[in-house]
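Step one of this worksheet: look at the structure below.
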Amino acid sequence: MSTKKKLNRKNVGLESKLPIKIIQFGEGNFLRAFIGYAFQELNKVTDFNAGIAVVQPIDKGLVQMLNEQDGLYTLFMKGVKKGKEIQEIELINNIVKAVDPYANFKEYLSLAKEESLEFIISNTTEAGIAYIDSDTPLMQPPNSFPAKLTLLLLERFQHFKGDKTKGVTIIPCELINHNSETLKAIILQYISLWNLSNDFKTWILESNSFHSTLVDRIVPGYPRAEIEAYNAQLDYKDNLIVSAEAFLLWVIEGGEDLKAKLPFDKTTLDVKIVSDMQPFRTRKVRILNGAHTAMVPFSILYGNTTVKESVDDEFTGAFIKKVVFEEIAPTLHMDKNELISFSDEIFDRFRNPFIIHNLSSIALNTVSKFKVRVLPSLLEYVEIHKKLPTNLTFAFASLIRFYKGTFNNANLPLNDSEEIVANFAKVWCATDYNEIANRILSNVEYWGEDLTKIKNLSNAITFALAEIDSNGIKKGFENFSEKY
């Protein structure tokens with residue numbers, strides 16, 4: 001039996017590299033299955049001719065593995081479209097460089113000097129676009145993504161001597177509302193904090209453009225459980241296989257000038273460049289991402305491991321449907337029939353038989369995700385109905401219980417900042433559920449407000465926590481729903 005060849009450019013005949021036109025902050029599964037694929041399609045059907053330089057935004061990541069494969073990786077896309085099963089395999093070949101600024105900061109800054117650079121794309125999770133006032137321009141690198149970006153832009157400004165034509169188009173894909181405006185505001189904060197020149201500030205504002213976005217594609221990532229079956233379809237060895245659903249939606253705020261720069265209208269991809277992306281964003285974040293985030297702790301505590309298992313199970317499936325159709329969708333100020341149709345499509349995507357979407361893989365930064373994706377629906381429901389939404393409230397309690405870190409003598413797949421995990425551990429040292437509920441709900445840093453002021457919420461969370469520990473998720477929810 002012959003050994004498969006190593007995946008690199010020489011072995012697959014792709015030794016010529018594209019010019020670096022895009023810097024991509026983030027090398028994880030989502031960006032590789034979304035941005036890498038989208039720009040490869042644009043390269044195929046137009047003369048876009050864009051290579052990507054990937055930057056690892058945190059000190060641990062996949063840059064070394066990417067470089068070992070010369071930036072190449074295989075994308076498997078599977079799903080159902082209009083009743084037909086879709087399966088496609090694509091070798092993504094547009095990453096021409098992968099840089100770890102923690103290992104080589106000089107190499108990172110050198111990206112700013114690329115003549116052909118036009119775009120900066122990012123997805124550093126909701127927690128990534130943050131202002132850290134302890135970051136300084138002398139750090140190599142600073143901690144936050146916006147601080148790293150500020151230094152990169154400063155390097156470009158200085159290298160090209162303030163040339164107004166050397167500004168870039170900045171398109172953040174983090175799932176926070178007004179992501180580009182937030183990123184720009186933090187960059188301006190660093191310019192002020194670091195006493196950088198007014199000329200640089202003017203160049204940022206006048207020679208660069210910032211565009212808010214919405215991204216939508218379910219990306220389970222590395223198909224660990226089925227890796228042998230995936231590898232069997234390839235004639236090379238790929239350590240960075242990524243799986244994704246066939247569905248893709250990218251909404252970018254911009255005008256005719258951006259449409260000219262990014263001619264996605266010439267492809268078959270659903271990339272929309274629009275003047276206002278808010279209706280698309282609200283619908284997607286509240287329903288798709290909200291359902292994901294609400295189900296994760298609840299469903300893991302119940303014993304499920306995947307999204308499909310969660311929606312197919314009689315108990316957890318009914319719970320998630322009520323979350324979406326009775327508690328989230330009715331709070332959105334959009335056409336109700338359209339919302340129902342969109343929600344139905346979401347559940348079809350959740351049930352995609354080709355995708356093993358592990359709940360643990362979407363448990364990253366659940367606290368910040370709950371604030372952005374779920375809490376607005378809960379609060380809007382209270383505003384409209386003058387009572388708590390039963391399922392969303394129990395999902396909230398499940399999150400708090402999940403962050404204890406263990407359940408039924410088993411470790412839970414917590415994946416959040418050390419500070420948040422440590423704080424929850426400290427809170428869970430208490431034995432009184434009311435004290436636990438109040439300490440978490442009153443944390444304004446987590447939720448943006450003191451949630452103990454929401455009528456009955458603290459009492460409901462307290463009751464739910466006691467029920468979960470005494471009776472488990474299923475019986476606990478039955479008892480909770482009788483009272484709330």
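Here, each number is a calculation from the coordinates, and none is a lab measurement. From a predicted model like this one, the values you see are computed outputs, not experimental measurements. We place every Cβ from the backbone using ideal geometry, glycine too, and count neighbours over all the protein chains shown.
Here are some notes:
- For segment 427-471, the Cα-based Rg and Dmax, in that order, read 10.5, 32 Å.
- Signed unit charges on C-beta, dipole axis of the chain, positive-most listed residue 347, 177, 66: 66
- In terms of packing, defined here as the mean over residues of other Cβ atoms within 10 angstrom, the peptides 285-296, 207-218 line up highest first as 285-296, 207-218.
- In order along segment 321-328, the phi-based Karplus estimate (6.51 cos²θ - 1.76 cosθ + 1.60, θ = phi - 60°) of 3J(HN,Hα) comes to 5, 5, 3, 6, 7, 10, 10, 9 Hz; Gly and Pro are listed as x.
- Mean projected area in nm² (Cα convex hull; one quarter of hull surface) for segment 5-274: 14.5
- Cβ crowding within 10 Å averaged over residues, with 44-51, 96-103 ranked highest first: 96-103, 44-51
- Using the rule -39500 (n - 2.57) for each DSSP H run of four or more residues, divided by the residues of the chain, the 222 nm mean residue ellipticity is -13000 deg cm²/dmol.
- In the chain, a dipole from Cβ-located charges (positive for Lys and Arg, negative for Asp and Glu) runs towards its positive end, and of 443, 76, 139 it is 76 whose Cα lies farthest in that direction.
- Ranked by the mean number of other Cβ atoms within 10 Å of their residues, highest first, the peptides 420-433, 170-183, 224-237 fall in the order 170-183, 420-433, 224-237.
- The H on the amide N of residue 99, modeled in the peptide plane, is under 5 Å from the matching H of 54, 55, 56, each at least 5 residues off or on a different chain.
- Too-long pairs where the Cα-Cα distance tops 31 Å, listed order kept, from 201/453; 184/272; 453/475; 308/369; 44/371; 321/386: 201/453; 44/371
- Comparing 301, 396, 87 along the charge dipole axis of the chain, the residue lying farthest to the positive side is 87, per the Cβ-charge model.
- Contact order, relative form, for segment 278-483: 22 percent (alpha carbon pairs under 8 Å, 6 or more residues apart, mean separation divided by residue count).
- For segment 5-274: relative contact order, % (alpha-carbon pairs under 8 angstrom, 6 or more apart): 21
- For residue 174, the residues whose amide H sits under 5 Å from its own are 124, ignoring neighbours fewer than 5 places away on the same chain, with H placed 1.01 Å from N.
- Cα centroid separation, segment 199-230 to segment 41-69: 11 Å.
- Among 338, 482, sorting on how many other beta-carbon atoms sit within 10 Å of each Cβ, with the fewest leading, yields 482, 338.
- Debye log10 I(q)/I(0) at q = 0.11 Å⁻¹ for the chain, Cα point scatterers: -0.97
- With K and R counted +1 and D and E -1, the other residues having a Cβ less than 13 Å from that of residue 300 yield a net charge of 0.
- Each listed q (0.08, 0.11, 0.12, 0.19 Å⁻¹) maps to a log10 I(q)/I(0) for segment 278-483 from the Debye sum over equal C-alpha point scatterers, namely -0.24, -0.47, -0.56, -1.53.
- Semi-axis lengths, largest first, of the ellipsoid equivalent to segment 1-101 are 22, 18, 16 Å, with √(5λ) applied to each eigenvalue of the Cα gyration tensor.
- Cα Rg, Dmax (largest Cα-Cα span) when computed across segment 163-224, Å: 15.3, 50
- Near residue 64, once Lys and Arg are set to +1 and Asp and Glu to -1 for all other residues with Cβ below 14 Å from its Cβ, the sum equals -4.
- Phi-derived couplings, Karplus 6.51 cos²θ - 1.76 cosθ + 1.60 at θ = phi - 60°, listed residue by residue for segment 416-428: 9, 4, 4, 5, 5, 4, 5, 5, 4, 4, 5, 4, 6 Hz, with x used for Gly and Pro.
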